[in-house]
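The values are calculated or read from the model by the stated rules, or taken from the named source; none is laboratory data. What you see is a predicted model, and the numbers here were worked out from it, not measured in a lab. Here the Cβ is made from the backbone with ideal geometry for all residues, glycine too, and neighbour counts use every protein chain on show. When the accessible area is computed, the model is the full protein with side chains, heavy atoms only, and any ligands, DNA or RNA have been set aside. Shrake-Rupley method; radii C 1.70, N 1.55, O 1.52, S 1.80 Å.
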Amino acid sequence: MTVRIAEVAMAWTVVVTIPTGETVAAGNWPDLIEARTWARDTNRSRLARVRAVVPLVSASGLTRELERGVWG
């Protein structure tokens, strides 16, 4: 059975590049729509360049799923 990481995400974070050129993950939202809304607003304001909206999972949860062979 293949499971997408997005299906087990506990939250969503937005990866942005700030004007100094540094790339950071900013915030976490329990709802994907809220994260996308913030990302869209940030892009429109040109405060930072949004690179991605990505699922956020706990390190222990990810390790557990990897050890079970779910993603590889």
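Quick look at the values:
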| read-out | value |
| --- | --- |
| Amide H within-cut-off set for Arg51, under 5 Å, with H built and near neighbours excluded | Val15, Val16, Thr17 |
| Where the Cα pairs of the chain fall when distances are cut into 10 Å bins, in % | 21, 41, 27, 11, 1 |
| Per residue accessible area in Å² of the chain, where ligands, DNA and RNA are left out and the probe is 1.4 Å | 72 |
| Heavy-atom accessible surface of segment 9-72: percent carbon and sulfur, 1.4 Å | 53 |
| Per-residue ³J(HN,Hα) for segment 55-65, Karplus 6.51 cos²θ - 1.76 cosθ + 1.60, θ = phi - 60°, Hz, x for Gly and Pro | x, 10, 10, 5, 4, 5, x, 5, 4, 4, 5 |
| Per-residue ³J(HN,Hα) for segment 5-17, Karplus 6.51 cos²θ - 1.76 cosθ + 1.60, θ = phi - 60°, Hz, x for Gly and Pro | 4, 4, 6, 10, 4, 8, 6, 10, 10, 10, 9, 10, 10 |
| Counted charge near Thr13, where neighbours are those whose Cβ lies closer than 13 Å (Asp, Glu -1; Lys, Arg +1) | 0 |
| Rounded to whole Hz, the Karplus (6.51, -1.76, 1.60) HN-Hα couplings of segment 21-32, x for glycine and proline | x, 7, 10, 9, 8, 10, x, 8, 10, x, 10, 4 |
| Dipole of the chain [Lys/Arg +1, Asp/Glu -1 at C-beta], most positive-end residue of Trp29, Thr42, Thr63 | Thr42 |
